[in-house]
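A.B. asks: Before anything else, here's the structure in question.
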Amino acid sequence: MTEGGAEQETAAAGDGASDEVSEEAAELRERVLDGNVPRHVAVIMDGNGRWAAERDLPRWEGHRRGMETVRQMVKASLAVGLEHLTLYAFSEENWQRPEPEVAALMELLQEYVASEKEELRDQGVRVQVFGDLERLSESATRAVEELQGATREGEELQLNLAISYGSRTEIVQAAQRLAELAVLEAVRPEEITEERFEEELYTAGWPDPDLLIRTSGERRLSNFLLWQIAYAELHVSEVLWPSFGRADFYEALLDFQSRDRRFGKVQA
Ligand code: FPP
């Protein structure tokens, strides 16, 4: 864990979007640290639109506030020594939203890079962006490259941002690449094992998520990391993403710690 992480958790009360840490969150964090901290947590960040609608605000305000929650989740992850935090920031299907909303989300990504790049680097966070990035505009592509470049030395936490991501496309593309190699006789069908298949996924080399959190009460996987979450524990929070705070995150980790993970086997 970083020293910064520890300091961040000693502050007094505050709400979900504040840099201050509530006593409740600090206490929950201590409890999390007493148990088995997952290596990799993946999150379907949902409910930005509803959060905005409840306040008569435009949807993009919900996304903006959702970006603030991202900042807080990075700090919360550092404070418990998580290795990987993977966030579903923009799905392949999200391209079908009204053009102004897509533009606002892309703009937000660029704002995120401009405002967070240095802090992420100083916190020891390494950012990896994955998905069909060829669909991004030139300026968004530049922002992604800048963010990955600036944080490439980070060793405390890997923050993986899924952008223009769809799990079925990822799996189909992996199958296509292996089929091409098979045609070229560069791989034999019997060599296509789970391990070899995983090497073709965006997530090659990362541990599988131990825990998948979805906010806003929806109980769907929405084409997110379908291969990788085969044995993940699921935690659904009723809280909308912009209101999701560190205490909610630590509650999810405690829920994970209460599970009996058997990976299909029986208890020894
Ligand atoms: C789902 O809420 C959320 C998204 C489609 C976008 C997530 C983006 C962010 C949290 C901000 C940007 C993040 C980064 C890292 C720059 P929804 O709009 O589907 O909500 P609804 O179901 O209530 O309508």
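The values are calculated or read from the model by the stated rules, or taken from the named source; none is laboratory data. Keep in mind the model is a prediction, meaning the values are calculated, not measured. Neighbour counts run over all protein chains shown; Cβ positions are idealised from the backbone, glycine included.
A.B. asks: Is it the case that some residue within the range 215-228 is among the aliphatic types (A, V, I, L, M), in a loop (DSSP other than H, G, I, E, B) and buried (at least 20 other Cβ atoms within 10 Å of the Cβ)?
C.D. replies: Looking through the range 215-228, at least one residue is among the aliphatic types (A, V, I, L, M), in a loop (DSSP other than H, G, I, E, B) and buried (at least 20 other Cβ atoms within 10 Å of the Cβ).
A.B. asks: Further question: Inspect the range 233-242 for any residue being out of contact with any Leu (no Cβ under 9 Å at 6 or more places or on another chain) and assigned to a helix (DSSP H, G or I) and give the result as yes or no.
C.D. replies: yes
A.B. asks: Still on this structure, please answer the following. Taking helices (runs of 4 or more DSSP H) that fall entirely within the range 1-85, which contain at least 1 residues that are more than 16 Å from the ligand (Cβ to nearest atom) and modelled with pLDDT of 95 or more?
C.D. replies: Qualifying helices (runs of 4 or more DSSP H): 23-33, 59-80.
A.B. asks: Please indicate, with yes or no, whether at least one residue in the range 248-256 is among the charged types (D, E, K, R), more than 16 Å from the ligand (Cβ to nearest atom) and more than 16 Å from the chain's Cα centre (by Cα).
C.D. replies: Yes, some residue in the range 248-256 is among the charged types (D, E, K, R), more than 16 Å from the ligand (Cβ to nearest atom) and more than 16 Å from the chain's Cα centre (by Cα).
A.B. asks: For the range 217-240, check the following and say yes or no: at least one residue is farther than 25 Å from residue 92 by Cβ and polar (S, T, N, Q).
C.D. replies: Within the range 217-240, not a single residue is farther than 25 Å from residue 92 by Cβ and polar (S, T, N, Q).
A.B. asks: Kindly indicate the residue of the range 86-102 that is more than 9 Å from the ligand (Cβ to nearest atom) and buried (at least 19 other Cβ atoms within 10 Å of the Cβ) and also farthest from residue 215 (Cα to Cα) among those meeting that condition.
C.D. replies: Out of the qualifying residues, it is 92.
A.B. asks: Restricting attention to the range 249-268, which residues are crowded, with 16+ Cβ neighbours inside 10 Å and in contact with a strand residue (DSSP E or B) (Cβ under 9 Å, 6 or more places away or on another chain)?
C.D. replies: 249, 251, 252, 253, 255, 256
A.B. asks: May I pose another question? Out of the residues in the range 103-118 that are within 11 Å of the ligand (Cβ to nearest atom) and without any contact (Cβ under 8 Å) to a residue 24 or more places away in the chain, state the one that is farthest from residue 41 (Cα to Cα).
C.D. replies: Ranking the candidates gives 107 first.
A.B. asks: Now for a different question. Which is among the basic types (Lys, Arg), under 14 Å from the mean Cα position of the chain (by Cα) and at pLDDT 95 or above, of 188, 214, 219, 196? Walk me through it before giving the result.
C.D. replies: On the way: 188 fails: under 14 Å from the mean Cα position of the chain (by Cα); 219 fails: under 14 Å from the mean Cα position of the chain (by Cα); 196 fails: under 14 Å from the mean Cα position of the chain (by Cα).
After applying the criteria, what remains is 214.
A.B. asks: Considering every residue within the range 148-156, establish whether at least one is more than 16 Å from the chain's Cα centre (by Cα), at pLDDT 95 or above, within 20 Å of residue 62 (Cα to Cα) and not small (Gly, Ala, Ser).
C.D. replies: Checked the range 148-156: no residue is more than 16 Å from the chain's Cα centre (by Cα), at pLDDT 95 or above, within 20 Å of residue 62 (Cα to Cα) and not small (Gly, Ala, Ser).
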